[in-house]
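Worksheet for the structure shown next.
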Amino acid sequence: MSGRRSLVWLGLTPEPERELPPAVAALRTGAPDAGAEARGPAAAERRRVERLILHGSERSWLRYLAEVTELVTSVADGTASGDRGAALVAGEVVLDHHRMLIGLPGSGYDRTARDRSALETAVRTLRAAMAGTPGTASSAAAAAPGSPGSPGEGPTTGSAATATGAEQRIGLPPRATPARQRVRAAAEVPSADTPTPNGDRT
C-alpha cells in the first residue's frame with residue numbers, strides 16, 4: 001500500500017461494508033435476499049468490497065456505489081425486477097454514506113449529488129411500496145440492532161459483536177473487524193523511531 005494513498009474516505013462508518021454485500025448480491029442475482037442460495041453471491045460481493053477498501057481509492061469506491069445506485073433505482077422505478085427489501089437496504093445505506101461525504105475534504109460530496117437525488121427518490125418509492133407489509137426484508141433490517149433506522153441505536157462502530165441488518169437475514173456469521181478499520185489501524189501504527197509521551201522510543 002502506497003504511503004501516498006489517501007485514507008480520508010475510510011473515516012466514514014462501516015455500514016456499507018457490513019450491509020451492502022448480501023443486499024447487492026440479491027439485486028445482482030435476482031434471488032431473494034434470504035436463505036442459503038444467497039450466501040455464495042454475498043460472499044463474493046463481500047470479497048469485492050474488501051478489495052476496494054484494502055487496495056482501492058475513494059474514486060473506485062464511489063464508482064462501486066454508483067453501480068449499487070443503478071441497481072437500486074432500477075428496482076424502484078420498475079425497469080428491473082428484484083427484491084425491493086434488498087433494494088431499500090442498499091439504497092438507505094448508500095444514501096446515508098453519500099450524505100456523510102459533506103463532512104470530508106475533497107469533491108466526493110459534489111460528485112455524488114446526482115446519485116443522492118436519485119436515491120432519495122428511490123428510497124421514498126421503495127418505502128411507500130413496502131409500507132404495511134409485515135415480515136418483509138426491510139422490516140427485518142429496520143428491527144436489527146445497529147441497522148439504519150433501528151430505534152434507539154446509532155451507527156455501529158468498532159468490530160461487530162453480532163451480525164447486523166442484511167447479514168442476519170441471510171444467516172451470515174458475525175463480522176470481524178471491518179476492512180476499513182484494519183487499513184486505518186495499520187496506517188496509524190507508530191514506527192520504531194516514534195517517541196512515546198515519556199520520551200522513550202517504541
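The values are calculated or read from the model by the stated rules, or taken from the named source; none is laboratory data. Here the structure is a predicted model, which is why all the values come from computation and not from measurement. Note that each Cβ is placed from the backbone with ideal geometry, even for glycine, and that neighbours are counted across all protein chains shown.
Remarks
- Within the set Thr13, Thr73, Thr29, the sole residue that is surrounded by 14 or more Cβ atoms within 10 Å (Cβ to Cβ), closer than 27 Å to Leu104 by Cβ, at pLDDT below 90 and touching a helix residue (DSSP H, G or I) at 6+ places or on another chain (Cβ under 8 Å) turns out to be Thr13.
- Failed item in (1) farther than 16 Å from Ser117 by Cα; (2) buried (at least 23 other Cβ atoms within 10 Å of the Cβ), with Ser57 passing the rest: (2)
- Within the range 83-100, being within 14 Å of Glu67 (Cβ to Cβ) and small (Gly, Ala, Ser) holds for Ala87, Ala90, Gly91.
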